[in-house]
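> What follows is a single structure, and I will ask about it in a moment.
The values are calculated or read from the model by the stated rules, or taken from the named source; none is laboratory data. Worth saying up front: this structure is predicted, and the values here are computed from it rather than measured. Neighbour counts run over all protein chains shown; Cβ positions are idealised from the backbone, glycine included.
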Amino acid sequence: MFVKRIVGTGLGSQQCVNQIGYEDMPTTECEYQLRIPSETDNLELIRDFVSKVAEKVGFKSDDVGKIELACDEACTNVMKHAYASGQKNGKESLDILIQIDYDKFTLVVTDHGRGFDPDAIKLPDMKEYLAQLKVGGLGIYLMKTLMDEVDYQMQPGVRNQVKMVKYFIDKKNSKLIESEKENK
Amino acid sequence: MFEIKVNEAGDMLLSGRFDASQVGYANQFFDKVITSTVVDFKELDYISSAGLSVLLVTQKRLSEKNQQLKLMNMNRHIQDVFRYAGFDKIFVIA
């Protein structure tokens with residue numbers, strides 16, 4: 001059994017996208033949440049949830065695919081590593097929170113397992129990695145490649161979070177728009 | 001749903017969505033591959049790094065005997081995943 005909770009604040013997805021640049025926009029327009037057992041059998045459900053929300057707020061197919069895969073990688077890491085196998089009691093869950101702001105889509109994956117030291121994570125040198133046909137460690141590399149921002153907040157045994165952001169428009173273009181607004 | 005079928009020629013046809021939940025099932029097939037083999041992605045909709053790792057392990061094992069996997073009929077999304085991971089440089093993709 002799993003608990004699924006979807007919360008919408010009532011603002012439409014098109015509003016989220018079309019009102020880019022409005023100065024009086026609230027910080028967060030919509031939130032969607034899913035709590036689900038930390039089992040790989042649930043990856044498809046998680047991907048469906050995340051991709052449906054990404055489609056709803058206006059991302060094109062390519063970006064929906066990137067968000068879906070980045071979420072899969074983050075959740076797979078939790079399922080494989082967050083809970084030591086000897087400590088599992090079958091009740092481990094993970095939470096997925098999606099926040100829609102006027103300019104960005106934020107995906108937060110939270111678990112209560114043992115976490116890890118984010119400073120110890122080194123992105124693989126892909127040239128060397130591929131030359132030696134090394135196996136594993138691709139998930140974090142893909143997350144950082146697919147999303148605009150990836151950030152970790154670890155409190156082992158209490159709460160570990162991976163936060164990933166995808167902007168609705170290219171970040172450089174956003175800065176240009178901000179710059180143009182300031183110059184007016 | 002993920003499925004692997006092997007035809008009479010030994011070609012592997014993948015279908016569905018290949019993620020971490022399917023690694024054990026996939027290894028039952030890929031562990032038996034000992035010579036160069038065609039892997040047809042025509043009906044595969046999705047792959048994550050877990051699926052890529054299964055392919056990489058097999059490719060690594062085969063390359064020691066100068067054999068390889070030959071991947072074909074990938075959809076555009078899967079081609080993109082291979083490109084993001086740099087895997088387009090280590091597999092023969094038709």
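> Please work out which residue is farthest from A:K80 (Cα to Cα), limiting yourself to the range B:54-79 and to residues that are assigned to a helix (DSSP H, G or I) and touching a helix residue (DSSP H, G or I) at 6+ places or on another chain (Cβ under 7 Å).
Filtering first and then ranking leaves B:H77.
> Pull up the range A:34-53, narrow it to residues that are farther than 17 Å from B:Y46 by Cα and either without any contact (Cβ under 8 Å) to a residue 60 or more places away in the chain or surrounded by fewer than 17 Cβ atoms within 10 Å (Cβ to Cβ) (or both), then point me to the one that is nearest to the other protein chains (Cβ to nearest Cβ).
A:E39
> Could you run through the range B:1-49 and say how many residues are surrounded by 15 or more Cβ atoms within 10 Å (Cβ to Cβ) and assigned to a helix (DSSP H, G or I)?
Of the residues in that region, 8 qualify.
> For the range B:1-36, which positions are away from chain A (no Cβ under 14 Å) and of a type in the set (F, W, Y)?
B:F29
> Same structure again: Could you say whether any residue in the range A:155-170 is closer than 30 Å to A:S93 by Cβ, at pLDDT 70 or above, surrounded by fewer than 18 Cβ atoms within 10 Å (Cβ to Cβ) and touching a Pro at 6+ places or on another chain (Cβ under 6 Å)?
no
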